[in-house]
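Before any comments, here is the structure.
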Amino acid sequence: MASSMNIAGNQNEESAISGVEVRNIDDSIGKGLFATRDFKAGDVIFEERPLVCCQFLWNAAYGYLACDFCMRPLETAEENARRLTGNAALTLPHPECCETKKAQVVECPTCDASYCGEPCRDAAWRQYHKTLCTRSFTRDESHPLVNLQETWKKMHYPPETACIMLVARMLATVRQAEDKEGAMNLFMQFCHRTVNEEEEIAHKMLGVQFYEQLEVLRKLMSDALYTPDVHQWLTPEGFRSLIALVGTNGQGVGTSAISVWVRNCTNLDLPAEEHEKLDQVINQLYDDLEKEAGCFLNNEGSALYPLQSSCNHSCTPNAMPGFPCDNFDLVMSATQDIAAGEQICVSYLDECALERSRHSRNKILRGNYLFNCQCARCRSEADQPDVTSEEEMDDEEEDEDDGQEC
Ligand SMILES: [Zn+2]
Ligand SMILES: [Zn+2]
Ligand SMILES: [Zn+2]
């Protein structure tokens with residue numbers, strides 16, 4: 001890969017790929033990530049920057065303030081808490097536990113994009129923002145990029161799982177890359193789907209009108225970003241593939257100034273009594289947040305990570321991704337000992353879905369990722385009946401309301 005490409009992910013290429021390698025498993029499973037040395041539970045397996053990352057559009061529209069490049073929170077924990085509780089008079093103790101550096105926040109000189117610092121503003125400009133800058137501080141609906149975002153928002157309501165601007169950033173990255181073919185190939189390494197599967201994913205993302213909606217989005221994307229360099233991604237087939245690519249490979253990224261503040265408060269070295277008081281303040285804060293903002297507490301977006309996306313699912317995962325830097329830097333850690341040669345697997349299911357029966361787990365996996373799990377746990381539970389208990393029947397009903405909660 002040319003070092004001049006300025007893609008966020010290229011800077012960790014050398015350091016990240018020691019201790020793991022991507023291998024082809026077989027035609028049905030495709031690729032997988034394997035350990036080339038032993039890891040102990042708790043070890044960092046690799047760290048990775050995404051090729052592109054983008055905050056969800058409704059998340060941004062509701063005032064969740066994150067760096068337009070790396071998703072780092074731009075509000076202080078106190079500002080964050082005031083906004084999310086609707087209480088403008090709220091004060092948080094121990095402001096030193098908040099890590100947001102407001103003084104370093106910078107804006108794009110010609111549009112309303114904000115960044116956590118100059119390095120992010122410069123990196124975004126070099127990689128894609130030169131192409132995507134709307135050069136206007138007002139949201140001029142007639143601007144093709146603004147139109148694209150508003151149209152997407154009407155097709156994809158919260159809870160959000162994908163963002164059309166991730167696709168726009170991919171196109172702009174290729175357009176701005178010196179080695180355009182190399183940049184395109186970087187994105188093409190992500191998992192590929194058959195035409196039928198791509199349609200199923202588009203259907204899932206956009207609903208029953210997905211044929212028409214895909215065409216509307218493709219036209220808007222072409223109006224905004226067509227050049228011969230990206231022609232192949234703007235044909236009906238190419239565009240559908242891109243939507244399917246971000247739909248299945250996009251990894252959720254969540255950041256929160258409050259979470260960082262809470263984490264640092266918890267680690268404070270205080271007398272027991274003071275710590276207890278602080279814990280009460282934190283518990284009260286979470287109660288107030290829940291009343292006002294429900295479960296929408298984080299800056300949320302999605303990103304494309306080549307190594308992370310090569311990790312297959314297992315219902316007994318041995319690794320878990322996290323975002324300890326409170327930005328888009330992903331850290332994959334071992335959740336149990338892993339021996340050299342073993343496959344590194346994560347769970348595509350959240351914790352409560354992972355507790356469910358083989359039947360329920362596979363229903364979710366089929367619906368969202370189009371596969372039936374063949375992991376050791378699923379094989380050992382192969383003789384479990386498909387639907388039995390009342391709880392499972394309730395699950396079925398919940399699933400119809402699209403409920404995937406515990
Ligand atoms: Zn940043
Ligand atoms: Zn701009
Ligand atoms: Zn399984």
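The values are calculated or read from the model by the stated rules, or taken from the named source; none is laboratory data. It should be emphasised that the depicted structure is a prediction, and the values quoted were computed from it without experimental measurement. Virtual Cβ from ideal backbone geometry, glycine too; neighbours counted across all protein chains shown. Note: areas computed on protein heavy atoms with side chains; ligands, DNA, RNA excluded. Shrake-Rupley method; radii C 1.70, N 1.55, O 1.52, S 1.80 Å.
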Dipole-positive endmost among SER136, PRO236, PRO306 within the chain (Cβ charges, Cα centre):
SER136
Skip the ligands, DNA and RNA, and give the accessible area per residue of the chain with a 1.4 Å probe, whole Å².
49
About the Cα centre of the chain, how large is the charge dipole given +1 on each Lys and Arg Cβ and -1 on each Asp and Glu Cβ? Please answer in debye to the nearest 20.
1720
If r is the Cβ-Cβ distance from GLU107 to GLU150 and R0 is 22 Å, what FRET efficiency results, to the nearest 0.05?
0.55
Place +1 on the Cβ of every Lys and Arg and -1 on the Cβ of every Asp and Glu in the chain, take the dipole about the Cα centre, and give the residue among ALA202, PRO109, ILE282 whose Cα lies farthest towards its positive end.
PRO109
If you roll a 1.4 angstrom probe over the protein chains with everything in place, what fraction of the accessible area of the chain belongs to carbon and sulfur, to the nearest %?
49
Accessible-area value, SER114, 1.4 Å probe, nucleic acids and ligands omitted, Å²:
30
Gyration tensor on Cα atoms of the range 236-302, a ≥ b ≥ c root eigenvalues, a/c under 1.5 rounded, else prolate if a/b beats b/c, else oblate, says prolate
Sorted by accessible surface (1.4 Å probe, heavy atoms of the protein chains only), largest first, ASP383, ASP38, ASP43 come out as ASP383, ASP38, ASP43
Just want to confirm a number: the relative contact order over the range 157-234, from Cα pairs under 8 angstrom separated by 6+ residues, in percent.
37
If we count every other residue with Cβ under 10 angstrom of THR134's Cβ, Lys/Arg +1 and Asp/Glu -1, where does the sum land?
0
Given the pairs LYS40/LYS180; LYS31/LYS130; LYS31/LYS363; LYS101/LYS204, which are separated by over 28 angstrom at their Cα positions?
LYS40/LYS180; LYS31/LYS130; LYS101/LYS204
Rounded, prolate or oblate for the chain? Axes are the square roots of the Cα gyration tensor eigenvalues, ordered a ≥ b ≥ c, and the cut-off for rounded is a/c under 1.5.
rounded
Along the Cα→Cβ direction, 7 angstrom out, place labels at GLU47 and ASP383. What is the inter-label distance in nm?
4.8
Centroid-to-centroid separation of the range 163-208 and the range 325-355 [C-alpha atoms, Å]
24
For the residue pair ARG263 and ARG23, what label-to-label distance in nm results when each label sits 7 Å from Cα along the Cα-to-beta-carbon direction?
3.3
Determine ³J(HN,Hα), in whole Hz, for all residues of the range 342-348 in sequence, where each value follows from phi through the Karplus function 6.51 cos²θ - 1.76 cosθ + 1.60 and θ = phi - 60°; x replaces Gly and Pro.
6, 7, 8, 10, 10, 9, 7
Please work out how much accessible surface ARG135 shows to a 1.4 Å probe, ignoring ligands, DNA and RNA, in Å² rounded to 10.
130
